[in-house]
Amino acid sequence: MEDDLTKPNRHADDAPASAASDATKAEDGPAGASRDAGVGASLAGKLSGLKKPSFADLLDPSRGSADDASARKKVRGPVVYLDGDQLARPLDMPKKVRLGLIGALVVAALIGAAFLSWYFDGIVNEPKRQQEALAETLSQEVSYELPNLYSLMPLDDATILSTLQGSGLTIIERPQKEGRSLYELIRLPEGLNVVDAGAMYLSGVDNLSAGDAARLLNGGWDLQIDRENGVNMVLHYADFKATSVDAAVQSALAIEGLTETSIEESGEDSAGNTYVMGTITGDAGTFSWRVSALPLSEVYSISGLPESAVYVGIRMTS
């Protein structure tokens, strides 16, 4: 009983102590908040005195005003600054790089100068050189030494070749095309070797310059022999000395000994050839002949050749 009666007394005694504690907490709450607010205001005042640093200030701590420096001293704690040495160094190329670039520029300049020299030489000087070479070639006295077709008509191909070569002429045989019975011989002008002539023919006469074409054609000729239906011989050459097509025809008649033969027809055919035709009779037999000519420019498209040059063909058939 005694114990039961004393328990409430102990609880009653504890109640004032708890109330006192709560009262103390109530008093400490506003005071603590006031102290925290004071510290925050103090720190804010210190920070407000600092100037917001620029990027340059971060790179170089020595920069800034005295107030900024003073304010920074008041801030406690470590401050890390960026290393601006790499950005502040001079923007100069290394010496080796500069030398390499200078060398490359010099080489490029030399190559460019060489190319321009070659280009302008080909554009400006090459046509002049071609005209000079053409004039020199055509100024030389050349002998065509055309073969007399009438005397060759009874001969076979091998005998014709040996006869022409025996006269001291440079004669080459053009390879026969498959399926054709045409036998062709080419006489090279004096001063033109076989290698150069072969290269010119392979490239095509139309693709030659005027100077090279004159070297190949002036004094040269080709003879075609077809024996499929009897004997058909055709001699072609370019006449650079003729003053007209008619003059070239008369010159060919005289060279072949046909001026005193029977002339049956003359005029201009549908292809634009000026021609004369007839027959010749002699110890070798009777054969028909035809001499025709037209401007060389209508046969070869070569710029620079004389407009008076004439292409002549002499045909004799059995």
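Only Cα pairs under 8 Å and 6+ residues apart enter the sum, and on that basis the relative contact order of the stretch 222-303 stands at 21 percent. Only residues of the stretch 270-308 count here: report those whose backbone N is under 19 Å from the spot 7 Å along Cα→Cβ of Ala135, or say none. Flagged as within label range: 303-308. Projecting label points 7 angstrom from Cα along Cα→Cβ for Ser262 and Ser297 puts them 4.0 nm apart.
Label-to-label distance for Gln176 and Ser162 is 1.8 nm, based on points extended 7 Å past Cα in the beta-carbon direction.
Applied to the stretch 255-272, the Karplus parametrisation 6.51 cos²θ - 1.76 cosθ + 1.60 on θ = phi - 60° returns per-residue 3J(HN,Hα) values of 5, 8, x, 9, 5, 9, 8, 7, 9, 9, 7, 7, x, 10, 8, 5, 8, x Hz, with x for Gly and Pro.
Taking 0.36 nm per residue of separation and subtracting the current Cα-Cα distance, fully stretching the chain between Leu155 and Lys96 would add 13.1 nm.
Determine which residues of the stretch 215-239 fall in the zone a paramagnetic label at Val195 would reach in this model, i.e. backbone nitrogen under 16 Å from the point 7 Å along Cα→Cβ. No residue passes the distance filter.
Rule-based calculations on the coordinates, nothing more; no lab input. This is a predicted model, so every value here is computed, not measured. As a convention, Cβ positions derive from the backbone with ideal geometry for all residues, glycine included, and neighbour counts pool all protein chains shown.
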